[in-house]
Amino acid sequence: MALLRLLGLLPGALARPACGRALHRAVPPPAAPDFNSFVTRTNTCGELRSAHVGQEVTLYGWIQYQRQGLFLVLRDFQGLTQIIIPQDEAHSRVKKLLSDAPMESVVRVTGIVSPRPPGQENPKSEALRMQYRYLDLRSFQLQHNLRLRSQIVMRMREYLCNLHGFVDVETPTLFKRTPGGAKEFVVPSREVGKFYSLPQSPQQFKQLLMVGGLDRYFQVARCYRDEGSRPDRQPEFTQIDIEMSFVDQAGIQRLIEGLLQYSWPEERGCITTPFPSMTYEEALADYGTDKPDTRFGMKIVDISDFLRRSDIQFVQNALSYPHGTVKAICIPQGVRYLKNKDLESLKESAKSQFNQEIVEIICRPDRNLKSLLTKFLGEKQQSELIQTLNMQVDDVALLAAGEQKQVCSALGRLRLESADLLEAAGLALRDPTTFHFLWVVDFPLFLPKEGNPTELESAHHPFTAPHPSDTSLLYSDPTKVRSQHYDLVLNGSEVGGGSIRIHSAEQQRFVLEKVLKEDSEVLSHLLEALEFGAPPHGGIALGLDRLISLIVDASSIRDVIAFPKSFRGRDLMGNAPDYVTPEELEPYHIQVSWPLAEKEAKQN
């Protein structure tokens, strides 16, 4: 990060803050230390993050490095910050002062936080941090994140086990391949041709625990998915896994709201319960996604009825289809904060990702519209459109016409990209200190397969029960069945998902064999267990890594995991995965077929 404005040098070192007596308390956990209390700095050098971009801050520290009067590196007890030295005439005195200042001078700096310019990021810095993770762990931020994570998990254990009678049960991590869901890692065994699989979740085990009469189960569970990494996903991750007998959807939701309220860190403020709820259809219609960020507006507006009587050809073409629609989003103050290249980038994004054309509409100072559409609309119609979209002067609307799901998805994506652009330009849109929880409910039970739309796959997983009102449709028209599946969303990220389960062996077998066309024999152990008298049950899993990363405002879940994997799923510190010799593979009856290039590289 960088600061753009510098105010001067201090003549001496900072005084050490006075010490106070520590107070011991079992609960709640102590808040993180406030290193900025009683002093005139706003932040320490080690705590500036992307969330601080655009804010004015004041730092104190020692000059560790200075380069040709262009920038210097400021150091304090928590970390480093790069300071850009102003080059304009108005700050010539400051530039000379800093250029002549000896190393280890004590400096006070006030300025605006900004990211490195595009193209100047250091792509090797994160790789180095992961290669020498044991050194990176010494940083204040990682120490804080891991200690806070530990405190939250401890509070969750207290709430579930001590207050509500849950039993903490460990489930196996060596199991077998099961149908549906994400790709699983396979592990060779010494039996010829047979492999274990690492479970992507303890789903079947926790249902079997309910059949076994345990009634309430909980686990801090390790889970595995053989998929690529990204900022909010790792090949191995941790869930707060929960299952209950004789419960309905409302009961699970109340449990989780109480759990989060009880374990929420004091320094992050209070969270209010109950959390608001929204159906899957409402989320797609208003936000274009099933995990909407409700911290800001810019909802999708349906203007199909308004334009239905127009003579705009592409609009009429779109509305002639069964699920055709015309929708738009309004970007507040888009003229003022977005450049032409930004608007073109948004249009290109919709075209490349969703094959969706976007029409731009601008509200001019005279309250008339500037758009390709204006030649088809009279003054009265323009005024009505402005009112329908709730546009103000200098607002920009983006309009899309076509198939409803595609239009909503494209506009939902543009809504988020527009918010990023507005905030980068200085418009405060999303408060990084607020936490907006949301339940999304009434998902479809099945969705068409991406590769073969004539076949169905589970929207959640094949053990999810149908909505009680739609049970009969399961046997006549499964595409119309809603599920008892619920997701918990926080600030636009999914942090939890669960469902009420199928507890009838007959219904579970029908879903597997008749609807999903799966071999039910693979799940014969579960089907047999359900026949022995399974209680109605349901549960949920909270993504612990993702939840903690949002609480501490980390840019990646790697910042809340002690030893994370890289984007390619590699452990850069220990160089895993690694080669295994043919002799080591022999007991497992497997051989490696080497691609020619890698074979030659190994030989050399």
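Of everything in segment 62-84, what is on the phi > 0 side of the Ramachandran plot and under 34 Å from the mean Cα position of the chain (by Cα)? Give them in sequence order.
If the condition is that a residue be on the phi > 0 side of the Ramachandran plot and under 34 Å from the mean Cα position of the chain (by Cα), then G79 is the only one that fits.
Which residues, taken from segment 513-544, are open to solvent by less than 10 Å² (accessible area, probe 1.4 Å) and under 33 Å from the mean Cα position of the chain (by Cα)?
L523, L526, H537, G538, G539, I540, L542, L544
Please enumerate the residues belonging to segment 53-104 that are over 28 Å from D553 (Cα atoms) and of a type in the set (D, E).
Once the filter is applied, which keeps residues that are over 28 Å from D553 (Cα atoms) and of a type in the set (D, E), segment 53-104 yields D88, E89, D100, E104.
The rows are residues; the columns are (1) surrounded by 16 or more Cβ atoms within 10 Å (Cβ to Cβ); (2) under 26 Å from L550 (Cβ atoms); (3) at pLDDT 90 or above.
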| residue | (1), (2), (3) |
| --- | --- |
| V107 | yes, no, no |
| Q120 | no, no, no |
| L128 | no, yes, no |
| N145 | yes, yes, yes |
| M154 | no, yes, yes |
| H164 | no, yes, yes |
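Checking R41 against (1) at pLDDT 80 or above; (2) at positive phi; (3) surrounded by 13 or more Cβ atoms within 10 Å (Cβ to Cβ), which single condition isn't satisfied?
That leaves (2) as the condition not met.
Tally up the residues in segment 166-185 that are open to solvent by less than 30 Å² (accessible area, probe 1.4 Å) and touching a residue at least 60 places away in the same chain (Cβ under 8 Å), please.
Residues that pass the stated criteria total 3.
Quick test for you: out of S125, S139, pick the one residue that is touching a Gly at 6+ places or on another chain (Cβ under 8 Å) and of a type outside the set (D, E, K, R).
S139
Report, by residue number, each residue of segment 583-594 that is modelled with pLDDT of 90 or more and either surrounded by fewer than 12 Cβ atoms within 10 Å (Cβ to Cβ) or touching a Gly at 6+ places or on another chain (Cβ under 8 Å) (or both).
E583, E584, E586, P587, H589
Would you point out the residue of segment 313-338, among those that are among the aliphatic types (A, V, I, L, M) and crowded, with 19+ Cβ neighbours inside 10 Å, that is farthest from Q356 (Cα to Cα)?
By that ranking, first place goes to L338.
Quick one: which of I303, I256, I271 is more than 17 Å from L547 (Cα to Cα), open to solvent by less than 60 Å² (accessible area, probe 1.4 Å) and not aromatic (F, W, Y)?
None of the others qualify; the one that does is I303.
Taking segment 48-88 on its own, how many of its residues are acidic (D, E) and crowded, with 17+ Cβ neighbours inside 10 Å?
1
Please go through segment 494-512 and give me each residue that is in a loop (DSSP other than H, G, I, E, B) and either open to solvent by 10 Å² or more (accessible area, probe 1.4 Å) or on the phi > 0 side of the Ramachandran plot (or both), ordered by number.
The answer is H503, S504.
Sort out which residues of segment 190-221 are in contact with an Asp or Glu (Cβ under 9 Å, 6 or more places away or on another chain) and farther than 17 Å from G498 by Cα, and write them in order of number.
The answer is S197, L198, L214.
Using the structure shown, decide if Q261 is open to solvent by 20 Å² or more (accessible area, probe 1.4 Å), without any contact (Cβ under 8 Å) to a residue 40 or more places away in the chain and not small (G, A, S).
So Q261 passes the test.
Give the residue that is nearest to S197 (Cα to Cα), with candidates limited to residues of segment 215-233 that are modelled with pLDDT under 90 and out of contact with any helix residue (DSSP H, G or I) (no Cβ under 6 Å at 6 or more places or on another chain).
Taking the candidates together, the pick is D226.
Is it the case, given these coordinates, that A400 is in contact (Cβ under 8 Å) with a residue 60 or more places away in the chain, under 17 Å from V301 (Cα atoms) and in contact with a helix residue (DSSP H, G or I) (Cβ under 8 Å, 6 or more places away or on another chain)?
The answer is yes for A400.
Say we look at segment 269-315 and pick out the residues that are among the small types (G, A, S), in a loop (DSSP other than H, G, I, E, B) and touching a residue at least 40 places away in the same chain (Cβ under 8 Å); which of these is farthest from M391 (Cα to Cα)?
G269
Go through segment 533-555 and count every residue that is modelled with pLDDT of 90 or more and either of a type in the set (D, E, K, R) or not in a helix (DSSP H, G or I) (or both).
Residues flagged as modelled with pLDDT of 90 or more and either of a type in the set (D, E, K, R) or not in a helix (DSSP H, G or I) (or both) within segment 533-555 amount to 16.
Under 7 Å between Cβ atoms, at least 6 apart or on separate chains: pull out the pairs that start in segment 352-373 with a residue that is of a type in the set (G, A, S) and end on any residue that is surrounded by 18 or more Cβ atoms within 10 Å (Cβ to Cβ) and modelled with pLDDT of 90 or more.
Here the result reads S371/V359; S371/E360; S371/I361; S371/I362, each pair linking segment 352-373 to a residue that is surrounded by 18 or more Cβ atoms within 10 Å (Cβ to Cβ) and modelled with pLDDT of 90 or more.
Say whether the condition of being over 21 Å from the mean Cα position of the chain (by Cα) and either without any contact (Cβ under 8 Å) to a residue 60 or more places away in the chain or over 28 Å from T173 (Cβ atoms) (or both) is met by at least one residue in segment 232-243.
no
Across segment 316-333, which residue is farthest from R430 (Cα to Cα) among those that are of a type in the set (G, A, S) and in contact (Cβ under 8 Å) with a residue 12 or more places away in the chain?
A318
Take segment 339-370 and flag every residue that is under 21 Å from L427 (Cα atoms), part of a helix (DSSP H, G or I) and open to solvent by 90 Å² or more (accessible area, probe 1.4 Å).
If the condition is that a residue be under 21 Å from L427 (Cα atoms), part of a helix (DSSP H, G or I) and open to solvent by 90 Å² or more (accessible area, probe 1.4 Å), then N340, K341, E344 are the ones that fit.
The values are calculated or read from the model by the stated rules, or taken from the named source; none is laboratory data. Only a predicted model underlies this, so the values are computations on that prediction, with no experimental measurement involved. Heads up, the Cβs are rebuilt from the backbone with ideal geometry, glycines too, and the neighbour counts pull from every protein chain shown. Note: accessible area is taken over every heavy atom of the protein model, side chains too, but ligands, DNA and RNA are not part of it. Shrake-Rupley method; radii C 1.70, N 1.55, O 1.52, S 1.80 Å.
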